[in-house]
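*Asks:* Input: one structure, supplied below.
The values are calculated or read from the model by the stated rules, or taken from the named source; none is laboratory data. On a predicted model such as this, the values are computed, not experimentally measured, just so you know. Here the Cβ positions follow ideal geometry from the backbone for every residue, glycine too, while neighbour counts run over all protein chains shown. Heavy atoms of the whole protein, side chains included, go into the accessibility calculation; ligands, DNA and RNA do not. Shrake-Rupley method; radii C 1.70, N 1.55, O 1.52, S 1.80 Å.
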Amino acid sequence: MAKKILVTGGTGYIGSHTTVELQQAGYEVVIIDNLSNSNASVLDGIEGITGRRPVFVEADVTDRAALRKLFEDNPGIEGIIHFAASKAVGESVEKPILYYRNNLNSLMNLLELMPEFGVKGIVFSSSCTVYGEPDTNPIDETAPIKPATSPYGNTKQICEEIIRDYIHAVKGVKSILLRYFNPVGAHPSALIGELPNGVPNNLVPYITQTAAGIRKELTVFGDDYDTPDGSCIRDFIDVVDLAKAHVVAMQRMLCKDTDAVEVFNLGTGRGVSVLELIDTFEKVNGVKVPHRIGPRREGDIEKIWAEPRKANEVLGWKAVVPVAETLANTWRWQQHLDGK
Ligand code: UD1
């Protein structure tokens, strides 16, 4: 029988791509999402790609009663992938309580209900932001955790700690913490992708919206960093590659005799600068991205890219989509949105 997985935030950007990969790998998916930063039409995209519509429960993971009802109505959930969270760094500085409430309460509700409903493990969406500004690159999982620079980043660190303490106390429940670098791109079908609300904060949605003429101009936040071209360097990982890592992590957690908590960096291992990324986008798609250099953005890390060897060797997973292909997929997705 197909294993049943609960995907929180499953209509969101990474959640929807992961739902597709889970279904294609033979899992049955139940999604819970409050649609605060996504749209139910994403379910059509998932069905269009996989031929199957996941079970969808519109509810908030911070609503304990609703979550309990979900487990009662959908017996036999074996694993959880927990994406549902607030994720805008700037907003988290302005509304810290909202971030702590959403991101911590949702996790604690899930953890508390897991043993009662026989759920064996939880894969948690963490971030390379826990490393802060690294002393050296590439950065591996043994690197020190630095003080968080935003409430958002702090929620990721605290959630990792909550999971460790909980798993230590409760036998028979496992967790895998996945630290993402910079997820970008869209499904090659152009049926699902990122749907930013309002003015995008992140680089790639801003690039695509500028190329599409929705935004007049992109500001590159600083060209005086200590990098070859002066702009910041990131490890941009294709969202489908990232989604596939969740499937292998789930398989490992449920089927193998492993440590109760494991942590993996998910990145390509290659650093690409902001200016290089804009240049590649323009070349690959044959479009212009009007941009100018502006001041540095407060709190930005100068350069960070992953040492993904542990994920490569232990999970048997590797990021394979070239960045040019990722940027072509993103542009196709933007055109699909504009054509709607
Ligand atoms: C941030 C968070 C990360 C979070 C992610 C998704 C930190 C340190 N990182 O990543 O934890 O998971 O957002 O929300 O908090 N840029 C421009 N112009 C723009 C937009 C961005 O030049 O209009 C530059 C930024 O200065 C940065 C790079 O592009 O150097 C990537 O920025 P962004 O996409 O926002 O991601 P991060 O800040 O790396």
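*Asks:* Mind checking the per residue accessible area of the chain for me, 1.4 Å probe, whole number of Å²?
*Replies:* Values: 14710 Å² over 340 residues.
Ligands and nucleic acids excluded, the result is 43 Å² per residue.
*Asks:* What share of Cα pairs, in percent, lie more than 14 angstrom apart in the range 52-136? Could you put the intermediate results ahead of the total?
*Replies:* Numbers: 2495 of 3570 pairs.
So the pairs more than 14 Å apart make up 70 percent of the total in the range 52-136.
*Asks:* Next question, about the same structure. Is any helix in the chain, taking whole DSSP H runs, at least 20 angstrom long along its axis by alpha carbon and on average at least 1.0 on the Kyte-Doolittle scale, and which ones? All intermediate terms of the calculation are to be shown ahead of the outcome.
*Replies:* Numbers: long enough: 96-116 (31 Å, -0.05); 151-169 (26 Å, -0.64); 239-255 (24 Å, 1.03); 323-338 (23 Å, -0.81).
Taking the DSSP H segments of the chain (at least 20 Å long, mean hydropathy at least 1.0), we get 239-255.
*Asks:* P(r) tail for the range 147-197, what percent of Cα pairs lie past 17 Å?
*Replies:* On the way: 750 of 1275 pairs.
Across the range 147-197, Cα pairs with separations above 17 Å total 59 percent.
*Asks:* Please give the Cα centre distance for the range 30-52 versus the range 304-329, rounded to the nearest Å.
*Replies:* That distance is 25 Å.
*Asks:* Under a 10 Å cutoff between Cα atoms, tell me which one of Thr227, Thr330, Thr155 has the largest fluctuation in the Gaussian network model of the chain.
*Replies:* Checking each option, the largest mean-square fluctuation is seen for Thr227.
*Asks:* Same structure, new question: Take the alpha-carbon positions of the range 195-249, form their convex hull, and give its projected area averaged over all directions (one quarter of the hull surface) in nm².
*Replies:* 5.6 nm²
*Asks:* So, how do all the Cα-to-Cα distances of the range 1-86 break down into 10 Å bins, in percent, from 0 on up?
*Replies:* Histogram of Cα-Cα distances, whole percents per bin: 19, 56, 24, 1.
*Asks:* Per Stokes-Einstein, at 20 °C and 1.002 mPa s, what whole-number D in µm² s⁻¹ belongs to the range 219-340, with the Kirkwood radius over Cα pairs as the hydrodynamic radius? Intermediate results must be reported in sequence, preceding the final value.
*Replies:* Numbers: Rh = 16.5 Å.
Estimated diffusion coefficient is 130 µm²/s.
*Asks:* Regarding the chain, what are the three Cα extents along the principal axes, ordered largest first, in Å?
*Replies:* Sorted from largest, the Cα extents of the chain read 55, 45, 39 Å.
*Asks:* Exactly which trypsin sites (Lys or Arg not before Pro) in the range 129-193 are in a DSSP loop and have at most 12 other Cβ atoms within 10 Å?
*Replies:* Values: sites: Lys156, Arg164, Lys171, Lys174, Arg179; in loops: Lys171.
Answer by residue number: Lys171.
*Asks:* Here's another thing I want to ask about it. Within the chain, what is the longest stretch that has no GluC sites (Glu not before Pro) placed in a DSSP loop and near at most 15 other beta-carbon atoms within 10 Å?
*Replies:* Details: sites that count: Glu217, Glu298, Glu302.
Answer from the scan: 1-216.
*Asks:* Further, regarding this structure: Quote the charge dipole size of the range 47-130 about the Cα centre in Debye, to the nearest 20; the model charges only the Cβ of Lys and Arg (+1) and of Asp and Glu (-1). Please list the in-between numbers first.
*Replies:* Working: 9 positive and 11 negative charges, 25 e Å.
It comes to approximately 120 debye.
*Asks:* Hey, which lysines would be in cross-link range of Lys146, C-alpha to C-alpha under 26 Å, not counting anything within fewer than 8 residues on its own chain?
*Replies:* Candidates past the 8-residue exclusion: Lys87, Lys95, Lys156, Lys174, Lys303, Lys310.
*Asks:* Measuring from centroid to centroid over Cα atoms, what is the spacing of the range 2-21 and the range 192-254 in Å?
*Replies:* Centre-to-centre distance over Cα atoms comes out at 20 Å.
*Asks:* May I ask you to list the trypsin sites (Lys or Arg not before Pro) in the range 232-316 that are in a DSSP loop and have at most 14 other Cβ atoms within 10 Å of their Cβ?
*Replies:* Details: sites: Arg234, Lys244, Arg252, Lys256, Arg270, Lys283, Lys288, Arg292, Arg296, Arg297, Lys303, Arg309, Lys310; in loops: Lys256, Arg270, Lys288, Arg296, Arg297.
Sparse-neighbourhood loop trypsin sites (Lys or Arg not before Pro): Lys256, Lys288, Arg296, Arg297.
*Asks:* Something else: Mind jotting down the three principal axis lengths of the range 265-306 based on Cα atoms? Whole angstrom, largest first.
*Replies:* Here the Cα extents, ordered largest to smallest, are 33, 27, 11 Å.
*Asks:* Ignoring ligands, DNA and RNA, please state the percent of accessible area on the range 64-141 from carbon and sulfur, probe 1.4 Å.
*Replies:* On the way: 1780 of 3330 Å².
Of all accessible area on the range 64-141, carbon and sulfur atoms account for 53 percent.
*Asks:* While we're on this one: Can you tell me which of Gly271, Gly294, Gly79 moves the most in a GNM of the chain? Springs connect C-alpha atoms under 10 Å apart.
*Replies:* Among Gly271, Gly294, Gly79, the largest mean-square fluctuation in the Gaussian network model of the chain belongs to Gly294.
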